[in-house]
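Throughout, read-outs are computed from the coordinates displayed, never taken from laboratory work. These numbers were taken from a predicted model, which means no experiment stands behind them. We place every Cβ from the backbone using ideal geometry, glycine too, and count neighbours over all the protein chains shown.
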Amino acid sequence: NAGVTQTPKFRVLKTGQSMTLLCAQDMNHEYMYWYRQDPGMGLRLIHYSVGEGTTAKGEVPDGYNVSRLKKQNFLLGLESAAPSQTSVYFCASNPDRGLGRNQPQHFGDGTRLSIL
Amino acid sequence: AQTVTQSQPEMSVQEAETVTLSCTYDTSESDYYLFWYKQPPSRQMILVIRQEAYKQQNATENRFSVNFQKAAKSFSLKISDSQLGDAAMYFCAYRSARSTNAGGTSYGKLTFGQGTILTVHP
């Protein structure tokens, strides 16, 4: 099993450009998450999804949109990239609350995004 | 809302020595989970150890152990016999165990501390 796969691993954008980060998991997990990691701030939740077709806002959702059209994929979009969105982005997944009550999240390897 | 605080931005230890990383958290909940994650330069997030709040016994995984003080809301990580491969960023994380029956599902969301960079000297 590949686990959680993020693409791309690295990207440089210009201010105002748009892009989509893809997260794919092959563990049939219900819950998926997008976090951003910034120096001195740890990881902060951007958006999450509790099942196919659902999305919800996390702690820092502004400037981002997400979609979960298929259970295995969770997409993070930046419509108009800003330098403040320069960060490392992590996707994670978890079984639902019944199976995943005490299971740790499975993380992808991250995407380093630089916005000039 | 829960908060997690790691007050040590950087720590260092000599190889084969013991080091303790601190973590405190704030919550009004009684049922939750605590985790320590390791992030080496490869950027991977690797689970080191986890603790269920309802368990009084401190979790242990080989050279890694925790000192869980529920009343003090403290969750420190002790690394014994430190190795060069232990050098990494370490994150403490909190997860509510709330389910629908308890008045709202947390959906497994994690709240992270700021991280502690651990350097291991040969």
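Brief remarks on what is shown
- Restricting the chymotrypsin sites (Phe, Trp or Tyr not before Pro) of the range B:1-93 to loop positions (DSSP other than H, G, I, E, B) with no more than 15 neighbouring Cβ atoms within 10 Å leaves B:Tyr54.
- Check: the range B:12-122 dipole with +1 on Lys, Arg Cβ and -1 on Asp, Glu Cβ, in debye: 320 debye
- Secondary structure note: in chain A, about 90% of the DSSP beta bridges are antiparallel.
- Between the range A:68-93 and the range B:13-89, the alpha-carbon centres lie 28 Å apart.
- Qualifying GluC sites (Glu not before Pro) in the range A:1-66, DSSP loop, other Cβ atoms within 10 Å at most 16: A:Glu52, A:Glu59
- Summarising the strand pairing of the range B:3-121, around 90 percent of its internal DSSP beta bridges are antiparallel.
- Rounded to whole Hz, the Karplus (6.51, -1.76, 1.60) HN-Hα couplings of the range A:74-80, x for glycine and proline: 9, 9, 10, x, 10, 6, 9
- Net +/- balance of residues flanking A:Pro61 in space, Cβ distance below 11 Å, scoring K and R +1, D and E -1: +1
- Normalising the Debye intensity of the range B:3-121 to I(0), with uniform scatterers on Cα atoms only, and taking log10 at q = 0.09, 0.13, 0.23 Å⁻¹ returns -0.24, -0.49, -1.36.
- The amide H of B:Tyr32, built 1.01 Å from its N in the peptide plane, has B:Ala53, B:Tyr54, B:Ala97 as neighbours under 5 Å, considering only residues 5 or more places off or on other chains.
- Springs between Cα atoms under 10 Å define the GNM used for chain A, and in it the highest mean-square fluctuation of A:Gln72, A:Gln25, A:Gln103 occurs at A:Gln103.
- For the residues of A:40-49, the average number of beta carbons from a partner chain within 10 Å of their own beta carbon is 4.
- Among residues other than A:Leu45 with Cβ under 11 Å from its Cβ, the summed charge is +3 (Lys and Arg +1, Asp and Glu -1).
- Taken residue by residue and averaged, Cβ atoms of other chains lying within 10 Å of the Cβ of B:43-55 number 3.
- Measuring nothing but how far apart in sequence close Cα pairs (under 8 Å, 6+ apart) lie, relative to its length, the range A:4-115 scores a relative contact order of 36 percent.
- From phi via Karplus (6.51, -1.76, 1.60), per-residue ³J(HN,Hα) for the range B:16-30 in Hz, x at Gly/Pro: 6, 8, 10, 9, 10, 9, 9, 8, 10, 9, 10, 7, 9, 8, 10
- What the pair-distance distribution of the range A:4-115 shows, using all Cα-Cα distances binned every 5 Å from zero, is 2, 13, 24, 26, 19, 10, 4, 1, 0 percent.
- Shielding by partners, peptide B:66-78 (average Cβ within 10 angstrom, other chains): 0
- Under conditions of 37 °C and 0.692 mPa s, the protein assembly as shown yields 178 µm² s⁻¹ as its translational diffusion coefficient, taking Rh as the Kirkwood radius over Cα pairs in the Stokes-Einstein equation.
- Relative contact order for chain B, counting Cα pairs under 8 Å that sit 6 or more residues apart, in percent: 36 percent
- Note on B:Ser74 and B:Asn58: their simple-model spin labels are 1.1 nm apart, each label 7 Å out from Cα toward Cβ.
- Computed FRET value (nearest 0.05) for A:Gln103 with A:Ser80, which takes r as the C-beta separation and R₀ as 41 Å: 0.65
- Förster-model FRET efficiency, 22 Å R0, A:Met27 and A:Leu69, C-beta, rounded to 0.05: 0.75
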